[in-house]
Amino acid sequence: MHALRQEILPPSGVEFAACLKFTPSTLSHAGSSSSQAGRALFNVVVARSSLLRIFEVREEPAPVSTQQDDEKERHARVRKGTEAVEGEVEMDGTGDGFVNVDTVKSTGQNGVSQPTVNRFYLVREHRLHGTVTGLEAVRTVHSLEDRLDRLLVSFKDAKYTPSHPRIP
């Protein structure tokens with residue numbers, strides 16, 4: 001007996017979600033290079049009905065508007081030569097105004113940290129044969145080798161048959 005099923009509209013919304021390191025791009029050594037695409041942080045897997053979607057969350061440099069650039073240039077021209085020396089603004093722990101310049105750390109070029117934004121990208125979309133009833137991130141023995149998580153998906157009509165049935 002064959003079942004025929006036709007989906008008129010794809011599922012919208014989310015019933016189940018899991019956060020995991022599922023793709024190799026989410027590993028720390030893969031995202032250490034500074035590229036335009038940004039650094040992949042983790043994956044988000046969502047499911048509804050028979051549709052499974054895999055997203056990647058990336059940290060990217062925040063876009064700087066031209067108005068902000070113009071404002072920075074104008075401000076730099078006005079205050080040229082009067083900016084604080086590295087560590088001058090920070091005070092020491094006792095509050096007497098003396099600063100140990102060796103302990104002052106800069107976080108980026110010119111001592112300014114780069115603003116970042118997190119973005120959501122669709123990696124893959126799968127149509128499944130069955131209705132999803134659950135999602136879970138799982139770590140297995142192989143996860144120790146490749147440092148990636150596995151995805152456990154449960155279905156409404158899934159059946160389990162042992163390979164060696166017990167005989168009473």
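When peptides 113-125, 39-51 are ranked by their average number of other Cβ atoms within 10 Å per residue, the highest-first order is 39-51, 113-125. Working ranking of peptides 9-16, 148-155 by packing, defined as the average number of other Cβ atoms within 10 Å per residue, highest first, is 148-155, 9-16.
Bear in mind that the values in this text are calculations on the coordinates, not laboratory data. Because the structure is a prediction, the values reported are computed rather than measured. So basically every Cβ, Gly included, is an ideal-geometry build from the backbone, and we count neighbours across all protein chains shown.
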